[in-house]
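Read through the structure below, which is laid out as structure tokens, and then see the notes.
Values quoted throughout were computed directly from the atomic coordinates according to the rules given, and no laboratory measurement underlies them. Please read these numbers as outputs of a predicted model, since none were measured by experiment. With ideal geometry, Cβ positions are generated from the backbone for all residues, glycine too; neighbour counts draw on all protein chains shown.
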Amino acid sequence: MSASTTPGRADAPAVGLGPTALVLGTVAAAGVWPTLTFALLPVMPIAGGLAVTFGLMGVHQARQGVGRLWTAVTGTALGAVGFLYLFVLLMALSG
């Protein structure tokens, strides 16, 4: 058993922040499609907020060399679109 058992940088839990943000951002941004808006209305702010949070943490970790930057940035952008679209829609309907 001469193999090292210490975890490497690719084994850190922070590696999963970018892909998690990407999936949550995709779910949140799917609500922008007009036929899915009202079906995903309760999910959009939750998934969008979590995507932005996990995405920003993933960007921070990716800049330190742990994880991939493009998944974190894409997840953050999609989450922000899904999160803000809900408020834009509510402002348009209330006015």
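Before moving on, here are some points about what is shown:
- Residue that is surrounded by the fewest Cβ atoms within 10 Å (Cβ to Cβ) [pool: residues in segment 33-42 that are farther than 15 Å from PHE87 by Cβ and of a type outside the set (S, T, N, Q)]: PRO34
- Selected residue (only one of ALA77, ALA47 is assigned to a helix (DSSP H, G or I), surrounded by 13 or more Cβ atoms within 10 Å (Cβ to Cβ), on the phi < 0 side of the Ramachandran plot and touching a Leu at 6+ places or on another chain (Cβ under 9 Å)): ALA47
- Considering segment 50-74, and only residues there that are among the hydroxyl-bearing types (Ser, Thr, Tyr) and surrounded by fewer than 23 Cβ atoms within 10 Å (Cβ to Cβ), the residue that is nearest to THR26 (Cα to Cα) turns out to be THR74.
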